[in-house]
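Here is the structure we will look at, set down as structure tokens.
The values are calculated or read from the model by the stated rules, or taken from the named source; none is laboratory data. Bear in mind that the values here come from a model prediction, so they are computed numbers and not experimental data. All Cβ positions, even for glycine, are placed from backbone atoms using ideal geometry, and neighbour counts span all protein chains on display.
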Amino acid sequence: MNAESPAPEELDALLRLLDDETPGIRERIAERLALGSGDLSEWLASRPRSLSKKEERILTGLLGPARRRTLTREWLAPSGGAAALQEDWETFEALLRVLSDFLHDGVTLRQPLSDALDLLAEEAADEGVTTANELRVYLFEEKRLTANQVEYHDPRNSDLAWSIAEGRSNPLGLCVIFMLTARRLNLEVEGVNFPGHFMCRIFEDGFPIIVDCFGEGRLHLQASLLESPDLNRAQRQQLRLTADPGTILLRLLNNLDQALAQAARDEDAALIEQLQATLA
């Protein structure tokens, strides 16, 4: 078998066979596509014929092995694991990008994660955003980003490029987008690794304020929350702490592992567990 990834002419021929359910044919297509990167979106956008929804679903499945191989190759865990990411936001975002590429369907044309974040920050700046609170209003009160209530456990919530494009995610996804956008605007937004519901922290007149990004950016004085009788000692401790990139990445991988397992994507879940081990 030719060890090189398929050339455009061969890809054209392979795609014409997507509807052929003959086992040998489907197996051959899978073998050839597995040698690529797992992303044909830009090439597909240049073709004169669009794929049907059925063809897109088939192709996405066939591209899965290549995406797993690409993620394994591009996942460059820092020496020292998650603890080494304490202030390394650049590596953190790079790892989020390769996760985003892995979770992408390989068919739909869209911006890479860093470009999507750059554009979101530019849009916010164009709207006159100059403070963390104004960014909160722009993103959440004005519903640029919303809570993905219906598909809370969808693995795509951990694909932040998808979340920005679709305008929705889970609590952690929304918070990470908030933080990474704020960093591009030189604004202070911290992560709060609260059990069961990740949140953010901003500061107004020196006072720490908790932001519930999943709850339309609702504000809570941190001091008031700390006095709540509903919180136990461990929860109060987490409210006081700032989540570093390594902690956030481990939580995102744990969420993603559970979401993939729930979606019966066992091979993908197993790969995510391998990545978690590299951060131990």
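Quick look at the values:
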quantity: Residues (of a type in the set (G, A, S) and surrounded by fewer than 19 Cβ atoms within 10 Å (Cβ to Cβ)) located in the stretch 74-102; calculated: A77, S79, G80, G81, A83, A84, A94
quantity: Residues being farther than 23 Å from A234 by Cβ and touching an Asp or Glu at 6+ places or on another chain (Cβ under 8 Å) - total across the stretch 180-201; calculated: 3
quantity: Total residues in the stretch 266-278, condition surrounded by 16 or more Cβ atoms within 10 Å (Cβ to Cβ) and of a type in the set (A, V, I, L, M, F, W, C); calculated: 4
quantity: Leading residue by the ranking (surrounded by the fewest Cβ atoms within 10 Å (Cβ to Cβ)) among those in the stretch 234-265 that are free of Cβ contacts under 8 Å to residues at least 24 places away in the same chain and touching a Leu at 6+ places or on another chain (Cβ under 8 Å); calculated: R240
quantity: Residue count for the stretch 229-280, restricted to those that are outside any helix (DSSP H, G or I) and either of a type in the set (A, V, I, L, M, F, W, C) or more than 28 Å from R73 (Cβ to Cβ) (or both); calculated: 11
quantity: Answer residue from the stretch 161-195, given it is of a type in the set (S, T, N, Q) and not in a loop (DSSP other than H, G, I, E, B) and is surrounded by the fewest Cβ atoms within 10 Å (Cβ to Cβ) among those; calculated: S163
quantity: Which listed residue, of S50, S114, is free of Cβ contacts under 8 Å to residues at least 12 places away in the same chain and surrounded by fewer than 18 Cβ atoms within 10 Å (Cβ to Cβ); calculated: S50
quantity: Verdict on A234 being modelled with pLDDT under 95 and either under 24 Å from the mean Cα position of the chain (by Cα) or farther than 30 Å from Y138 by Cβ (or both); calculated: yes
quantity: Sole exception among (1) in contact (Cβ under 8 Å) with a residue 12 or more places away in the chain; (2) over 30 Å from G24 (Cβ atoms); (3) among the hydroxyl-bearing types (S, T, Y) for S79, by number; calculated: (1)
quantity: Answer residue from the stretch 2-26, given it is among the small types (G, A, S) and farther than 16 Å from G38 by Cα and is surrounded by the fewest Cβ atoms within 10 Å (Cβ to Cβ) among those; calculated: G24
quantity: Search result, residues across the stretch 150-184 that are farther than 23 Å from H220 by Cβ, touching a residue at least 40 places away in the same chain (Cβ under 8 Å) and more than 16 Å from the chain's Cα centre (by Cα); calculated: R184
quantity: Residue in the stretch 131-141 that is more than 22 Å from A161 (Cβ to Cβ), surrounded by fewer than 18 Cβ atoms within 10 Å (Cβ to Cβ), touching a helix residue (DSSP H, G or I) at 6+ places or on another chain (Cβ under 9 Å) and modelled with pLDDT of 95 or more present; calculated: yes
quantity: Qualifying residue in the stretch 49-56 (condition: at pLDDT below 90 and farther than 25 Å from S100 by Cβ); calculated: yes
quantity: Test result for L71, surrounded by 17 or more Cβ atoms within 10 Å (Cβ to Cβ), under 19 Å from A94 (Cα atoms), under 24 Å from the mean Cα position of the chain (by Cα) and touching a residue at least 40 places away in the same chain (Cβ under 8 Å); calculated: yes
quantity: Single match in L35, L62, L85 (criterion: touching a helix residue (DSSP H, G or I) at 6+ places or on another chain (Cβ under 8 Å) and assigned by TED's automatic domain parsing to the domain that holds A243); calculated: L85
quantity: Residue among P171, P229, P195 that is in the same structural domain as E151 (by TED's automatic domain parsing) and either closer than 27 Å to S114 by Cα or among the polar types (S, T, N, Q) (or both); calculated: P171
